[in-house]
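Q: The structure is given below, and queries will be raised subsequently.
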Amino acid sequence: MIFQPHIIVTMFLAALLGVFVGSMPGLTATMATALLIPFTYFMDPLAGLSMIIAMSSVAIFSGDIPAVLLRIPGTPASAALTIDAYYLARRKPLSTLGVDAFCCMLGGLFGTSILIFTAPILADFVTGFSSAEYFWLTLWGLSMAIIISAEDPLKGVLGVAIGLLISSIGLDPVYGYPRYTLGIPDLLSGISFIPALIGFFAIPQLLWLISRPREKYAIKFESNERVFGLIGEVLKKYKLVILRSAGIGTFTGALPGAGADIAAWTSYGVAKRLSRKPDEYGKGSLEGVVAATSANNAAIPGAWIPLLVFGIPGDSITAIVLGALLVHGLRPGPTLFQEQGILVTALFMAFVIANIMILPIGYAAIRLSSHILRVPNNILAPVIAVFCVIGAYAVNNNLFDIWLMLLFGIMGYFMERLGIPIPPIVLAIILGPMVEFNFITTLIKSDLNPIMFFSRPIAACLAVITITTWVLPFILARLRSLR
Amino acid sequence: MKDLLAGFLGISSGITFLLLGLGMPVLIAKGYPGPFFFPMISSIVLMTSGMLLMLKYLTRRHRIRKMEENSLLENRELPTLKSFVASIGGFIGGKGYLSVTIFLASLAAYIFSINYIGFLLSSFIFMYIVMTIYGVRMIAAVIYSTITIIFIYMLFIVMFKIVIPEPILGSILPR
């Protein structure tokens, strides 16, 4: 099913887009995913989702290109390796990038294998979940997003609350009562998901680009250096580092709100702590680069585990993908594995193909990087703005959605400047109706008896995990201050 | 300052949502949670986090002021209208706050014009104007805008058959 020519060609073209998006500082894989989603409406689900898988996998690697060559991360996921990679690149820029591409491929394949083996098992496990379990699970997802994404948890809570209120606009999920519609008929169906995502993720990036209109990058390097010249040394010395980092990356990617950037930093930190030469970190450590790059691509398939099994996105990209799944009538959860098993298997194969593609496409991108980075922001920003507009419009053929996109874009821009993180807001917009629906359903089923939230063993475990997640940061902060 | 503004945003948004939802039932028959139950809780959480952020800012500011009183620092500049405007501008967009404001205004005008002159023409004009404002040569701006419009037409209208807003007087382009 995945090896049809139109799907392979679509994945290849999406991978090329991923190279461009990842290489350009200021453009992110999340933004590109938000822009690609409207395209997927007009394709079959497999082609559309494979396109996003290919684009995001290659974009995360391509973000390392300006990080290595210019000391500017192309995507947030590249920040962890920037300094070490830049030092290494002073002597061997192309082979540093070659190591990067190779470790990204291995990390991505490792994460994919975890996805393939664990997702179906977890889907079987989830079959017995009731509204009480889903309530705690979605609440835990929101809690994790606050803790992981926000430097200041208070701002994370503020973001989640804003997201929950935005999600409450429109008809109530339980009673169908119109809320906060202000007499506007377009708001009866609620806030359209994709324009909100494009607004929150793409518009602030555009404003960042346009605040530096003439910026473009020029690089030069020797053309006779072998791109994959250091692979032998990496495999000999750092196989365990690659394996450990890929594991950390996959696990971190599976946590709601955590993405490739957190996976890369966590893996880099662990590698430094366990390294025999920790002093080299920050001064050109190849081990540090290997640790960060293996983790950041492993997080991509990792984020699809909670998405496919529970319908809870693992990161911003999968938050957007959830919208695409719902538009195609594919509801994540155990029923997806039962009713669309072939599609799910094909998606797993798409991950394998996308990660293998990193090597040849990465090689071409490395050789052509000096040309890619020459596009100035004053050309890029208005072109991307037009794509944002048509992306927002194409969902419902409604001009109102474009105005919503602009409104959320301005909101997102100011919120970022205030230090309020965007991922918890978006996650709350997605999960808010689920939290509310499951909460009220559980209360109705139990005739207002709150014990129902804790009476089932799995619900009780999830409740303990969720409450511990709320309380643990305060306990740890108190312990630190007592020392 | 960011904490103060974020706190103010939280409190004002929470109050707004609470006031807007006053007509909705909090509880319905048998005491089950009604349509306003969850928004009410979210609004209270929003206001509480806003208040805590403002409190955090004020207590930190008090500590800093105490430290400044005890320090030997002199030559503190008095705030002026210029520095206040610069701080607002800095808050809006840092070094390029004027660029950001002009771009947002252009984007709003572009979206407004779509309904009257159609998507393709308004997009071309938007891209051309923004590129020339931000330093792209006129010929280059025309070329890049034209290429983008042709690409959008072929991809979205011909291939995906999306219905896009057309000019009031109708479109001359085939589908």
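The values are calculated or read from the model by the stated rules, or taken from the named source; none is laboratory data. Quick caveat: nothing in here was measured; it's all calculated off a predicted structure. All Cβ positions, glycine included, derive from the backbone under ideal geometry; neighbour counts span all protein chains shown.
Q: I'm trying to understand the selection: among the residues of the stretch B:133-167, which are at pLDDT 90 or above, surrounded by fewer than 17 Cβ atoms within 10 Å (Cβ to Cβ) and β-branched (V, I, T)?
A: Hits for the stretch B:133-167 are B:I139, B:V142, B:I143, B:T146, B:I147, B:I150.
Q: Being within 7 Å of chain A (Cβ to nearest Cβ) and over 17 Å from A:L209 (Cβ atoms) is the filter here, so list the residues in the stretch B:102-117 that pass it.
A: Of everything in the stretch B:102-117, those that are within 7 Å of chain A (Cβ to nearest Cβ) and over 17 Å from A:L209 (Cβ atoms) turn out to be B:A108, B:I111, B:I114, B:N115.
Q: Might you check whether a residue that is modelled with pLDDT of 85 or more and within 11 Å of another protein chain (Cβ to nearest Cβ) occurs anywhere in the stretch A:134-142?
A: No, the stretch A:134-142 contains no residue that is modelled with pLDDT of 85 or more and within 11 Å of another protein chain (Cβ to nearest Cβ).
Q: Still on this structure, I have one more. Suppose we filter A:A392, A:A428, A:A381 for residues that are touching a residue at least 24 places away in the same chain (Cβ under 8 Å), buried (at least 24 other Cβ atoms within 10 Å of the Cβ) and out of contact with any Pro (no Cβ under 8 Å at 6 or more places or on another chain); which single one remains?
A: A:A428
Q: Next question, about the same structure. Looking for something within 30 Å of A:A459 (Cα to Cα), in contact with a helix residue (DSSP H, G or I) (Cβ under 9 Å, 6 or more places away or on another chain) and among the small types (G, A, S) - is there at least one such residue anywhere in the stretch A:408-430?
A: yes
Q: While we're looking at this one, here's another question. Among what's in the stretch A:145-167 and is assigned to a helix (DSSP H, G or I) and either surrounded by fewer than 21 Cβ atoms within 10 Å (Cβ to Cβ) or of a type in the set (S, T, N, Q) (or both), pick the residue that is modelled with the highest pLDDT.
A: A:S167
Q: While we're looking at this one, here's another question. Restricting to the stretch A:365-378, name every residue that is within 21 Å of A:I231 (Cα to Cα) and touching a residue at least 60 places away in the same chain (Cβ under 8 Å).
A: A:A365, A:I366, A:R367, A:S369
Q: Specify the residue that is farthest from the other protein chains (Cβ to nearest Cβ); the eligible residues are those in the stretch A:173-195 that are polar (S, T, N, Q) and without any contact (Cβ under 8 Å) to a residue 24 or more places away in the chain. Break it down stepwise before answering.
A: Narrowing the stretch A:173-195 to residues polar (S, T, N, Q): A:181, A:189, A:192.
From the residues that got through so far, the ones that are without any contact (Cβ under 8 Å) to a residue 24 or more places away in the chain too are A:181, A:189.
Numbers: A:T181: 10, A:S189: 16 Å.
Going through the qualifying residues, I end up with A:S189.
Q: Let me ask another. Looking at A:I420 and the list (1) facing chain B (nearest Cβ under 9 Å); (2) assigned to a helix (DSSP H, G or I), which single condition is not satisfied?
A: The number of the failed condition is (2).
Q: Let me ask something additional. Check whether at least one residue in the stretch A:79-88 is in contact with a Pro (Cβ under 8 Å, 6 or more places away or on another chain) and either touching a residue at least 40 places away in the same chain (Cβ under 8 Å) or not in a helix (DSSP H, G or I) (or both), and report yes or no.
A: Checking the stretch A:79-88: at least one residue is in contact with a Pro (Cβ under 8 Å, 6 or more places away or on another chain) and either touching a residue at least 40 places away in the same chain (Cβ under 8 Å) or not in a helix (DSSP H, G or I) (or both).
Q: How many residues are facing another protein chain (nearest Cβ under 8 Å), aliphatic (A, V, I, L, M) and under 25 Å from the mean Cα position of the chain (by Cα) when one looks only at the stretch B:121-143?
A: 3
Q: What tally of residues in the stretch A:20-33 results from selecting those that are assigned to a helix (DSSP H, G or I) and surrounded by fewer than 24 Cβ atoms within 10 Å (Cβ to Cβ)?
A: The number of residues fulfilling the criteria is 1.
Q: Sort through A:I242, A:I262 and tell me the only one that's more than 14 Å from chain B (Cβ to nearest Cβ), modelled with pLDDT under 85, part of a helix (DSSP H, G or I) and surrounded by 22 or more Cβ atoms within 10 Å (Cβ to Cβ).
A: Every option except A:I262 fails the conditions.
Q: From the list A:M434, A:M411, which residue is more than 8 Å from chain B (Cβ to nearest Cβ), more than 22 Å from A:G314 (Cβ to Cβ) and among the aliphatic types (A, V, I, L, M)?
A: None of the other options fit; the residue is A:M411.
Q: Could I ask something else about it? If a residue counts only when it is within 11 Å of chain B (Cβ to nearest Cβ) and in contact with a helix residue (DSSP H, G or I) (Cβ under 7 Å, 6 or more places away or on another chain), which helices (runs of 4 or more DSSP H) contained entirely in the stretch A:291-407 have at least 2 such residues? Break it down into steps so the answer makes sense when it comes.
A: Working: elements: A:316-327, A:334-339, A:341-372, A:377-396.
Answer list for the stretch A:291-407: A:377-396.
Q: Take the conditions crowded, with 22+ Cβ neighbours inside 10 Å, assigned to a helix (DSSP H, G or I), hydrophobic (A, V, I, L, M, F, W, C) and without any contact (Cβ under 8 Å) to a residue 60 or more places away in the chain and apply them to A:A14. Does it pass? Break it down stepwise before answering.
A: On the way: crowded, with 22+ Cβ neighbours inside 10 Å: yes; assigned to a helix (DSSP H, G or I): yes; hydrophobic (A, V, I, L, M, F, W, C): yes; without any contact (Cβ under 8 Å) to a residue 60 or more places away in the chain: yes.
Yes; evaluated as a whole, the condition is true for this residue.
Q: Between a residue in the stretch B:148-166 that is more than 7 Å from chain A (Cβ to nearest Cβ) and any residue that is in a loop (DSSP other than H, G, I, E, B) and basic (K, R), which pairs come within a Cβ distance under 8 Å, given they are 6 or more apart or on different chains?
A: Cβ pairs passing all conditions: B:I157/B:R175; B:V158/B:R175; B:K161/B:R175.
Q: Find the residue count for the stretch B:23-44, including only residues that are in contact (Cβ under 8 Å) with a residue 12 or more places away in the chain and either surrounded by fewer than 21 Cβ atoms within 10 Å (Cβ to Cβ) or more than 9 Å from chain A (Cβ to nearest Cβ) (or both).
A: Final tally of qualifying residues: 4.
Q: Within the stretch A:115-133, is there a residue that is in a helix (DSSP H, G or I), within 29 Å of A:I451 (Cβ to Cβ) and aromatic (F, W, Y)?
A: yes
Q: Here's another thing I want to ask about it. Scan the stretch A:34-56 and give yes if some residue there is crowded, with 24+ Cβ neighbours inside 10 Å, closer than 25 Å to A:I231 by Cα and not hydroxyl-bearing (S, T, Y), otherwise no.
A: Yes: the stretch A:34-56 contains one or more residues that are crowded, with 24+ Cβ neighbours inside 10 Å, closer than 25 Å to A:I231 by Cα and not hydroxyl-bearing (S, T, Y).
Q: Among the candidates A:L164, A:L142, A:L122, A:L137, which residue alone is more than 27 Å from A:A298 (Cβ to Cβ) and touching a residue at least 24 places away in the same chain (Cβ under 8 Å)?
A: One residue alone meets the criteria, A:L164.
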